[in-house]
Structures are given as C-alpha cells and as structure tokens.
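S.K.: This structure is in structure tokens; I'll ask about it shortly.
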C-alpha cells in the first residue's frame, strides 16, 4: 500500500514504515502529524486517484527529526567586471516516519 502526499509544495510517494524528509513543519520530535492532502492511494492493486484529493484518505506519521540539510554553495560572477559573490544555504527539513495510511 502506498500513497502520494502533498506537503510544502512538493509531492512524496510514501509507504508504511518509510522515513521521508519534507519541508520544515511545526512540531517537536515525537509528535504525531496527520496529512489530509492525499493525491493518490493504492491498496492491493486498487488505485484511487483524487480530483484533486482523495476524500477521506489520510496519512499519519511521527516526527523523527528537525534538522538542516547539506550546505549548497551559491556562487555569482560577472565576467570582466571583478564581481564575485559566494554564499551558502542550508534548508530546514522535518524527518517523518509514516505510521499508517487510511483510505
């Protein structure tokens, strides 16, 4: 059984027991979280596609970590002008372990 969850402007394919990294969500480690924005659910060959969401479907999970991702380097340069600018960025994310999928 798997589902497609939309959160933080992105879509994630999740199954029970999976741990995935989503955009930063409010909550502490160990708290339960429920996703109601489910776009697709597949259960034993039966596929339910929402328009745009599947009614009555939800995915429950637990927050396992609140952290920051790997650093990316943003480097800007204009040729022949002597302009160089180097900055870094680390995106915040929330690690979520999927407990159950209900359709």
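S.K.: Kindly evaluate residue 39 against the criterion of being modelled with pLDDT of 95 or more, out of contact with any helix residue (DSSP H, G or I) (no Cβ under 9 Å at 6 or more places or on another chain) and within 26 Å of residue 2 (Cα to Cα). Full working, then the answer.
M.R.: Working: modelled with pLDDT of 95 or more: yes; out of contact with any helix residue (DSSP H, G or I) (no Cβ under 9 Å at 6 or more places or on another chain): yes; within 26 Å of residue 2 (Cα to Cα): yes.
For residue 39, the condition - modelled with pLDDT of 95 or more, out of contact with any helix residue (DSSP H, G or I) (no Cβ under 9 Å at 6 or more places or on another chain) and within 26 Å of residue 2 (Cα to Cα) - is met.
S.K.: Report the residue count in the stretch 86-103 for those that are at pLDDT 95 or above, surrounded by 10 or more Cβ atoms within 10 Å (Cβ to Cβ) and more than 18 Å from the chain's Cα centre (by Cα).
M.R.: 1
S.K.: Could you identify the single residue in 34, 54 that is part of a loop (DSSP other than H, G, I, E, B), in contact (Cβ under 8 Å) with a residue 24 or more places away in the chain and either surrounded by fewer than 17 Cβ atoms within 10 Å (Cβ to Cβ) or touching a strand residue (DSSP E or B) at 6+ places or on another chain (Cβ under 6 Å) (or both)?
M.R.: Being part of a loop (DSSP other than H, G, I, E, B), in contact (Cβ under 8 Å) with a residue 24 or more places away in the chain and either surrounded by fewer than 17 Cβ atoms within 10 Å (Cβ to Cβ) or touching a strand residue (DSSP E or B) at 6+ places or on another chain (Cβ under 6 Å) (or both) holds for just one of 34, 54, which is 54.
S.K.: Okay, next question. Kindly establish whether residue 19 is in contact (Cβ under 8 Å) with a residue 60 or more places away in the chain and closer than 13 Å to residue 101 by Cα.
M.R.: Here the answer is no, as residue 19 does not meet what is asked.
S.K.: What is the residue count in the stretch 57-85 for residues that are surrounded by fewer than 15 Cβ atoms within 10 Å (Cβ to Cβ) and more than 19 Å from residue 16 (Cα to Cα)?
M.R.: 19
S.K.: Pick from 81, 85, 48: which is in a strand (DSSP E or B) and without any contact (Cβ under 8 Å) to a residue 12 or more places away in the chain?
M.R.: Matching residue, one of 81, 85, 48: 85.
S.K.: From the set of residues in the stretch 12-31 that are loosely packed, with under 13 Cβ neighbours inside 10 Å and on the phi > 0 side of the Ramachandran plot, which is farthest from the chain's Cα centre (by Cα)?
M.R.: Across the stretch 12-31, the extreme among qualifying residues is 30.
The values are calculated or read from the model by the stated rules, or taken from the named source; none is laboratory data. Being a predicted model, the structure only gives us computed values, none of them experimental. Backbone-built Cβ (ideal geometry, glycine too); neighbour counts: all protein chains shown.
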